[in-house]
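Okay, so here's the structure we're looking at.
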Amino acid sequence: MLNDSAAGASDVEATGSPYRWTLRPVEDEAAVDVLAAGLNKLPRPLARSLALRDVRSYDDAHTFFRPTLSRLHDPYRMRDMDRAVERLVAAIRQQETVLVYGDYDVDGTTSTAMMLTFLKSQGVEASFFIPNRFEHGYGLGEAGIDVAAARGATLIVALDCGITAIDAAGYAQSIGIDLVICDHHTAGDVLPAAAAVLDPKRPDCDYPFKGLSGCGVGFKLIQAVIDELGLPPEEAWPYLDLVAVSTACDIVPMVGENRVLMRAGLRQLSDAPRVGIAALADKAGVELDGCTASKMVFQIGPRINAAGRIADAGLAAELLASDDPVRARQLVDEIEGLNLRRRDLDRTTRDEAFEIAERLMEDDPMALVVYKPGWHAGVIGITASRVAEHFHRPTLLLTSNGATGTAKGSARSVKGISIYDALAQCSDLLTRFGGHAFAAGLALPIDRVDELRERMQAAVALAVTDADDLVPEIELDAALHLADVTPRFWSVLKQFGPHGPDNLRPTFWGTGLRVVGQPSCVGAQQQHLRMRVAQADGGAAFPVIGFGLADRYETALASVRRGSPLELAFQVDENTWNGRTTLQLKAQDLRLASA
C-alpha cells in the first residue's frame, strides 16, 4: 500500500531499508488525470512526474520537452547589462588590455576560458588571473588586481566572483582600473563599486531566471556584446559547451533557461567540442556523442577541479581556452596526474573522516563536527559532502596546518536544515564564515573546536522540526506498474533530461513485485546487487541493478524464500552490453512489502 510517508529507520529490520520512502505530493491528483488525457493518453506515472515539474498543460509540456535556444531571455533584462555592454564594447573598439578574473572551480575556469576566448576573437589583448586557493584564498582580491595593473590592463572582467568584494572593487577603482562583475552568488546589502554588476540575484534585478551559473551570466554578456557589435547571434553558440560544463558541475537548478543552455551545450559538445574538452573527455573515457550532465559531474568536472584543488586552476583555464591539440594533450596529462593525487588524498581523508564520524555517531548527535590536523584543504569540501550524505547529519569538516592556531573547513547540510543559520548562532566562536543553507566555509581558533561541536548540537536541534529530518529520505514521483514500462514510456521519459537539481531523474515506486530466479552480488568487490523482478500478477521480468546495494542482498533473498512481495524504489534506464541495448531498472532501494 502506498502512503505519503512510508517506513522510517525504526522499520529497518522489518523492511530491510534504512530509508523513509516519501511519495512527492502534487497539488491536485485529478489534474494529473486531465494532463495524462490531454497528452495523448500518456501513462499516468509520467503525467504525475510532469506535474511535479510544474507542467500543467499541453503548452507547458511542449516548452518542457522542447527547450530551444529561441526560449532564451533577452540579456538586456538583466540589471546593468547596458552598462556592461557599453564598457566591454569600448574595450574592444579601442583595443584595450583586459584581464579576465575567474575562480578556481569548474564554473570559474569555464567562465574564464569562455570570456578570454571571446575577447581574443575580437582582437583584444586579453589574459587571465585565477587566485590560488592556498596563496590568495577565494574571490576578487588585491593580489589579482595588482597583476592586472602590472600587465597594463584598464579593465577587469570578473566572473563567478566579485559580488561581495567591496574592498577589492574600491581598490581597483583607486588605481584607475574599471571593473565589470559577472556573478551569480547572493549579493550583500551593498554592491561593489564597478562599471557594471551583473547578477540575476541582485535584489533590484528583474531578470526572469535567477538560477544561472557564473558562466551562464558571462554568456549572457557575450550574447549582448555580439548583438551590439552587429554580429549574427550564432557567434555565441560555440561557447555553449563551456556553459554546459559549468551548468552541470556547479549544481545549479536544471530548469528554465538552464535546461535550454544545457540541451544546446550537449549538442555543441557532440557536434563540435573545443580542443581542450575533447582531450579531457578522451582521457576520461567519455564519449561526447551522447554525453550527459551526469558524466560531466562525475568524470569531467573532477578533473577540471583537480587543478585548483591540488595546484593551480590556471592549468584548467588554459586547457579549456586552448586551440592547440598538442598543448592540450600536455595539459590534460598534467591535470590527470593531479587528479590521481586528488583521488588518493580524497580516499585517505574520507576513510579517516568516516572513522572519526563513526565514533561521534555513537552519541547520536544532531550534527557532526569532524576535526583532524593535516588534512589537505583542497579535498575538505568533497569529504564533508560525503560524510553528510553517508550519516545524514549536518557536517563540519575542519583541519589545520602549521602553527597558525586556526582551524578551517567546510560545512554541508541535509534537506530541511540550514547549515548557514546554524553557524550564525555560533558566530561568536568563528573568525569568519559564509555560504548558504546547504554549504558554507568557516574558520575558528583550534581551541574552540570542541565548544563549536557542543554548540552546533543545540543550533541544529532548533532547526529539526521532526525526528524524521535526520532519517535519510527517498522521494518518489509515482507508483509504477511494470506493464507500463513500454518503448513509448521510455521514449517520453528520456526526454525529461537534461537532469540536475529541481529536475532529477524520476524515481518510481514499484509494489507487488516478485524476484525471478536468484539475486546475486556483482562487481570487483561484490558491492552491487543484480536480480530480475516481475509483477506478482504476471508480465515480463525486468533486469535490476542496484549499485552499492549489496547490503540489500538478504532482503531480496528473503523475498524469494518467504514468497513475500518486494517493494522497489527505482529509475528506468538503458543498458548496453555486447552491442545490444535493453531497458533495466536501476534500484535506489528495496524492502519487503510492509503490512
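The values are calculated or read from the model by the stated rules, or taken from the named source; none is laboratory data. What you see is a predicted model, and the numbers here were worked out from it, not measured in a lab. Using ideal geometry, Cβ is built from the backbone for each residue, glycine included, and neighbour counts are taken over all protein chains shown. With ligands, DNA and RNA removed, areas are computed over all heavy atoms of the protein, side chains included. Shrake-Rupley method; radii C 1.70, N 1.55, O 1.52, S 1.80 Å.
Length gained on full extension, ASP428 to THR582: 49.7 nm, using 0.36 nm per residue less the C-alpha separation.
Taking only the C-alpha atoms of the chain, the Rg (one decimal) and the largest Cα-Cα distance, Dmax (whole number), read 25.3, 80 Å. This model, with +1 at the C-beta of Lys and Arg and -1 at the C-beta of Asp and Glu, gives the range 424-572 a dipole about its Cα centre of some 820 debye. Here the calculated FRET efficiency for SER270 and GLU29, from their Cβ-Cβ distance with R0 = 45 Å, stands at 0.70, rounded to the nearest 0.05. Exposed loop sites, defined as GluC sites (Glu not before Pro) outside DSSP H, G, I, E and B with at most 14 other Cβ atoms within 10 Å, are absent from the longest region of the chain, namely 363-595. For the chain, the share of DSSP beta bridges that are antiparallel, to the nearest 5, is 60%. Tell me the relative contact order for the range 513-570 as a rounded percent, counting alpha carbon contacts under 8 Å between residues six or more apart. After rounding, I find 37 percent.
Hydrodynamic analysis of the range 32-83 uses the Kirkwood radius over alpha carbon pairs. Inserted into Stokes-Einstein at 25 °C and 0.890 mPa s, it gives a translational diffusion coefficient of 193 µm²/s.
Taken over the range 119-267, the convex hull of the Cα atoms encloses 124 Å³ per residue.
A 1.4 Å probe over all protein chains sorts SER564, SER70, SER559 by accessible area into SER70, SER564, SER559, starting with the largest. Relative to its residue count, the range 393-526 spans a Cα convex hull of 209 Å³ per residue.
Legend: residues SER121, SER49, sorted from most to least accessible area (1.4 Å probe; ligands, DNA and RNA excluded), read SER121, SER49.
Ignoring ligands, DNA and RNA, please state the percent of accessible area on the chain from carbon and sulfur, probe 1.4 Å.
Answer for the chain: carbon and sulfur cover 49 percent of the accessible area.
Using heavy atoms of the protein chains and a probe of 1.4 Å, the accessible area assigned to LEU320 is about 0 Å². Whole-Hz Karplus values for the range 252-269 come out as 8, x, 8, 9, x, 4, 5, 5, 4, 5, 5, 4, 5, x, 4, 5, 5, 4 Hz, taken residue by residue from phi with 6.51 cos²θ - 1.76 cosθ + 1.60 and θ = phi - 60°; glycine and proline positions read x. Once backbone amide H atoms are built at 1.01 Å from N, LEU179 has ILE156, ALA195, ALA196 as its partners under 5 Å, excluding neighbours fewer than 5 places away on the same chain. Can you give me the C-alpha center-to-center distance between the range 70-91 and the range 333-411, rounded to a whole angstrom? About 41 Å separates the Cα centre of the range 70-91 from the one of the range 333-411.
Need one word for the range 104-203: rounded, prolate or oblate. Basis is the Cα gyration tensor (sqrt eigenvalues a ≥ b ≥ c); a/c below 1.5 gives rounded, then a/b vs b/c decides.
Working: a/c = 1.32, a/b = 1.19, b/c = 1.11.
Note, shape of the range 104-203 comes out rounded.
Ranked from largest to smallest solvent-accessible area, with a 1.4 Å probe on the protein heavy atoms, ASP107, ASP74 come out as ASP74, ASP107. Which whole-angstrom value gives the distance between the alpha carbon centres of the range 439-462 and the range 518-573? Rounded to whole Å, the Cα centres lie 42 Å apart.
In this structure, the pairs whose alpha-carbon distance is over 29 Å, taken from LYS210/LYS283; LYS220/LYS295; LYS201/LYS415, are LYS210/LYS283.
Charge dipole of the chain (Cα centre as origin; +1 on each Lys and Arg Cβ, -1 on each Asp and Glu Cβ, all else neutral): 1540 debye, rounded to the nearest 20. The translational diffusion coefficient of the range 102-148, from Stokes-Einstein at 4 °C and 1.567 mPa s with a Kirkwood hydrodynamic radius over alpha carbon pairs, comes to 115 µm²/s.
In this structure the chain gives 43 Å² per residue of accessible area when probed at 1.4 Å with all protein chains present.
Over the chain, dividing the summed -39,500 (n - 2.57) contributions of all DSSP H runs of at least 4 residues by the number of residues returns a 222 nm mean residue ellipticity of -12000 deg cm²/dmol. In the context of the full protein assembly, VAL515 retains an accessible surface of approximately 20 Å², using a probe radius of 1.4 Å and ignoring ligands and nucleic acids. For the peptides 51-62, 499-510, the ranking by mean Cβ contacts within 10 Å, running from highest to lowest, is 499-510, 51-62.
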